1. Quick one: count up the residues across the stretch 24-57 that are of a type in the set (Val, Ile, Thr), open to solvent by 30 Å² or more (accessible area, probe 1.4 Å) and touching a residue at least 40 places away in the same chain (Cβ under 8 Å).
2. Can you tell me which residues in the stretch 272-293 are more than 15 Å from the chain's Cα centre (by Cα), open to solvent by less than 10 Å² (accessible area, probe 1.4 Å) and not hydrophobic (A, V, I, L, M, F, W, C)?
3. Being open to solvent by 10 Å² or more (accessible area, probe 1.4 Å) and under 16 Å from Leu105 (Cβ atoms), is that true of even one residue in the stretch 301-323?
4. Within the stretch 292-304, is even one residue under 21 Å from Ser238 (Cβ atoms) and in contact with a Ser or Thr (Cβ under 8 Å, 6 or more places away or on another chain)?
5. Since Glu25 meets every condition but one in (1) within 30 Å of Ser316 (Cα to Cα); (2) part of a helix (DSSP H, G or I), which condition does it not meet?
6. Please determine whether any residue of the stretch 248-261 is touching a residue at least 60 places away in the same chain (Cβ under 8 Å) and more than 29 Å from Ser100 (Cβ to Cβ).
7. Would you call Arg67 open to solvent by 70 Å² or more (accessible area, probe 1.4 Å) and more than 32 Å from the chain's Cα centre (by Cα)?
Amino acid sequence: MEDVFDDRRDDILKALVEEHIRTGEPVSSRAVLDATGLGVSGATIRNDLAALERDGYAVQPHTSAGRVPTSKAYRYYVDHLGPTRLRVATQNRIAGFFSSVQLELGRLLKATADLLSEMTHFPAVAVTSGPIGEQVRAFNVVQLAANTALLVVVTNSGRVCQELVRFQAPVTATELDRVEERVGQAVVGCDLGAEVMPTPSDVDPHLRPVVKEVVEALRKAETRSADLYVGGTHQMASVWDNLNTVQRVLEVLEGEARMLEILARSPGTSIQLASELGLAEDTDLAVVSSSVPGSGVQGRVGVIGPMRMDYKKVISTVEGVSRELGDRMGS
């Protein structure tokens with residue numbers, strides 16, 4: 001904190017934030033005194049609250065009302081939170097979900113976003129980077145018509161990549177099987193993006209155009225952008241009373257590039273407030289996200305909620321889900 005604060009005022013600021021999170025109302029000096037148990041007078045608490053207000057950490061909606069923490073106060077609060085612990089019941093629920101679910105990566109991420117939203121009661125997101133670098137586990141070319149096929153690639157993370165392939169001339173099922181076998185021999189077991197494609201001399205001359213189209217489709221699959229999944233948007237009306245705020249949050253969630261930019265953070269847990277996201281200062285929004293560890297796939301899960309959220313609970317839940325998702329994706 002750039003202002004000089006002693007331990008007492010630090011405790012008062014923490015109590016101010018936590019009481020406002022709990023009640024949603026302006027916090028009185030009596031409530032702060034009861035919450036902190038400090039052996040000082042009510043006048044001392046009022047003076048310290050006035051100092052917090054002067055330094056930009058609190059506002060007083062009305063002269064006779066208590067005080068409300070500002071985004072500056074929330075920033076200080078989350079920056080000084082100690083380690084959070086997940087409740088045993090919550091941990092068991094998360095572990096039970098990931099041990100029982102058997103889904104390909106896209107559906108797993110959507111289910112994860114839904115789970116995180118259900119547990120926190122806020123909109124939630126799950127995102128992974130593109131498939132480059134993931135190992136090819138299965139490779140299939142499924143014929144749809146004489147000159148059309150569907151390329152299906154399954155990676156070691158469980159991601160399923162699909163691309164439509166159109167051929168310049170009709171291809172028989174037998175010819176397509178030969179192409180699938182030849183290209184599959186080159187790519188299965190290798191990382192997507194590796195230069196392991198069959199050369200023209202490896203393929204019958206009349207099938208080289210077919211191989212070329214299949215390889216180009218695979219290149220498209222490799223270069224796909226990150227996948228973003230959102231859950232719990234139906235809860236927004238109950239989270240934010242202000243319709244303008246709901247609209248702003250919707251714009252963030254619907255702007256995929258913006259959401260990916262917000263979630264593009266260093267490994268670990270991140271807490272971002274509206275003013276740090278290029279949003280209007282008065283936007284009541286905070287994003288808590290955590291990277292998915294040890295899965296071999298870069299990704300993050302997160303929650304979008306009001307600044308007045310129970311950060312201890314939300315952080316521990318987000319981190320618990322990210323750990324279990326990492327274990328599931330890496331298994």
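1. Total meeting the criteria: 0.
2. Of everything in the stretch 272-293, just one residue is more than 15 Å from the chain's Cα centre (by Cα), open to solvent by less than 10 Å² (accessible area, probe 1.4 Å) and not hydrophobic (A, V, I, L, M, F, W, C), namely Thr283.
3. Looking through the stretch 301-323, none of the residues is open to solvent by 10 Å² or more (accessible area, probe 1.4 Å) and under 16 Å from Leu105 (Cβ atoms).
4. yes
5. Going through the list (1) within 30 Å of Ser316 (Cα to Cα); (2) part of a helix (DSSP H, G or I), Glu25 breaks only (2).
6. yes
7. So Arg67 fails the test.
The values are calculated or read from the model by the stated rules, or taken from the named source; none is laboratory data. Just so it is clear, the structure is predicted and the values come from calculations on it, not from any experiment. Glycine also receives a Cβ, built like all others from the backbone with ideal geometry; neighbour counts cover every protein chain displayed. Note: accessible area is taken over every heavy atom of the protein model, side chains too, but ligands, DNA and RNA are not part of it. Shrake-Rupley method; radii C 1.70, N 1.55, O 1.52, S 1.80 Å.
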